[in-house]
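The values are calculated or read from the model by the stated rules, or taken from the named source; none is laboratory data. Since the structure is predicted, the reported quantities are computational estimates derived from the model, not experimental observations. Ideal geometry is used to build each Cβ from the backbone, glycine not excepted, and the neighbour counts take in all protein chains shown.
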Amino acid sequence: MHLSSLADVSFIAGMIIDKFAYHQPLYRQHVKLQDSGINVSRAWITKLMPAAVSLIEPIFNAQLESVRRSRVIAMDETPIKAGRAGPAKMNAAYLWPVVGEQDEICFLYYPSRAAKHVETALGLQAGIPAEQSLPWCAGVYSRAPGRPVGLPG
């Protein structure tokens, strides 16, 4: 975020909440602002969102590291449609919520259910058994025949 931005913290917080909690697209937020007598360009609002999200990225990264250090991690995949695959078609993708032992939660986006995405999400090194990457899980994870390295047996 540039220090000379016209947006204050409460405006940015409201914009993020409207977008992600209430699913209000930026163009609708722009119309709502205009209807309230606040004249800003749609381009400015569009540029503001990635800048605002970049401010909370360090918080997300710290939270994900906390999850990765947890002795107990819950993880699931939720199929979603994201991005255009063609006219009137959306790509299949997955949202992976990961929850740590302190009830912290992070939502990760991956284009598939591939084991490499689980390894990335959990901070495992590809090809290295989980008990070597994460010593606390020795005996919990195994290399069962046909299972990717680092996943439950």
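Return the residues of the stretch 41-55 that are exposed (fewer than 14 other Cβ atoms within 10 Å of the Cβ) and free of Cβ contacts under 8 Å to residues at least 40 places away in the same chain; say none if nothing qualifies.
Here is the first cut: in the stretch 41-55, the residues exposed (fewer than 14 other Cβ atoms within 10 Å of the Cβ) are 41, 43-44, 46-47, 50-51, 54-55.
Selection gives Ser41, Ala43, Trp44, Thr46, Lys47, Pro50.
Condition first: part of a loop (DSSP other than H, G, I, E, B), at pLDDT 90 or above and within 13 Å of Asp76 (Cα to Cα). Now tell me which residues in the stretch 102-113 satisfy that.
none
Can we say Ile59 is assigned to a helix (DSSP H, G or I), without any contact (Cβ under 8 Å) to a residue 24 or more places away in the chain and loosely packed, with under 11 Cβ neighbours inside 10 Å?
Here the answer is yes, as Ile59 does meet what is asked.
In the stretch 7-26, how many residues are exposed (fewer than 11 other Cβ atoms within 10 Å of the Cβ) and either within 14 Å of Arg42 (Cα to Cα) or polar (S, T, N, Q) (or both)?
Matching residues across the stretch 7-26 total 2.
Residue check: is Glu119 modelled with pLDDT of 90 or more and not hydrophobic (A, V, I, L, M, F, W, C)?
No.
Can you work out which of the residues in the stretch 73-95 that are β-branched (Val, Ile, Thr) and surrounded by 12 or more Cβ atoms within 10 Å (Cβ to Cβ) is nearest to the chain's Cα centre (by Cα)?
From the stretch 73-95, those β-branched (Val, Ile, Thr) are 73, 78, 80; that's our starting set.
Right, trim to surrounded by 12 or more Cβ atoms within 10 Å (Cβ to Cβ) and you get 73, 80.
Details: Ile73: 16, Ile80: 13 Å.
Checking each candidate, the answer is Ile80.
Would you check if there is a residue in the stretch 37-46 being out of contact with any Gly (no Cβ under 7 Å at 6 or more places or on another chain), within 17 Å of Phe20 (Cβ to Cβ) and modelled with pLDDT of 90 or more?
So in the stretch 37-46, the residues out of contact with any Gly (no Cβ under 7 Å at 6 or more places or on another chain) come out as 37-46.
Right, trim to within 17 Å of Phe20 (Cβ to Cβ) and you get 45-46.
Then drop every residue that is not modelled with pLDDT of 90 or more, which leaves 45-46.
Yes, the stretch 37-46 contains at least one residue that is out of contact with any Gly (no Cβ under 7 Å at 6 or more places or on another chain), within 17 Å of Phe20 (Cβ to Cβ) and modelled with pLDDT of 90 or more.
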